[in-house]
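Below: the structure, in structure tokens.
Please treat every number below as a calculation from the coordinates, not as lab data. All of these numbers come straight from a predicted model, not from anything done at the bench. Heads up, the Cβs are rebuilt from the backbone with ideal geometry, glycines too, and the neighbour counts pull from every protein chain shown.
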Amino acid sequence: MTRPSWTELVKVGDESPVIQRTVSFEEILEFARMTGDFEPIHVDPAYAARTPYGACLVHGVLLLGLMSSGMFAEEKVGPNVSYGYERVRFVQPVITGSTIVIRGRVAEVRPERAQAVIEETCHNRQGELQVVAHHLFRFL
């Protein structure tokens, strides 16, 4: 049996499962070790306590990694690669220990380019938008 083409499987409005997770200080430290980003606002609780945020902030790139949905997993829609982000906005900071709610929705399908765009969002538990990104994928 032949697998349907990605254009039959990917439709505007398709949504990924909602993910809720708490971002721990240990994860932030591990990310800092992997990337070398040891800015005090992320890794120094005493420093961060003196800022308007009152606590350490989650790295923006770590949030993007967590938001990167698995809705285009190869076993679901066929081979594809991330082509990067067309738009990223960090609307509100995410504080260490916060529980985030992540959603993904197909915002655009570009069959002539073999591409699709997922709008990925991160909200806090109160429903306030913290991060929004348009993630571009190309189908092989």
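Some points to look at:
- The set of residues in region 120-139 that are within 12 Å of Leu66 (Cβ to Cβ) and touching an Asp or Glu at 6+ places or on another chain (Cβ under 6 Å) contains only Ala133.
- Only listed residue being under 14 Å from His134 (Cα atoms), of a type in the set (Asp, Glu) and surrounded by fewer than 15 Cβ atoms within 10 Å (Cβ to Cβ), chosen from Glu86, Glu112, Glu26: Glu86
- Selection count, region 110-130, where residues are in contact with a helix residue (DSSP H, G or I) (Cβ under 7 Å, 6 or more places away or on another chain) and hydrophobic (A, V, I, L, M, F, W, C): 1
Okay, residues lined up against (1) under 30 Å from Pro4 (Cα atoms); (2) buried (at least 16 other Cβ atoms within 10 Å of the Cβ):
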{"residue": "Gly97", "(1), (2)": "no, no"}
{"residue": "Val106", "(1), (2)": "yes, yes"}
{"residue": "Thr121", "(1), (2)": "yes, yes"}
{"residue": "Val131", "(1), (2)": "no, yes"}
{"residue": "His134", "(1), (2)": "yes, yes"}
{"residue": "Leu140", "(1), (2)": "yes, no"}
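- Inclusion of Thr7 among residues that are of a type in the set (S, T, N, Q), surrounded by 11 or more Cβ atoms within 10 Å (Cβ to Cβ) and in a helix (DSSP H, G or I) is warranted.
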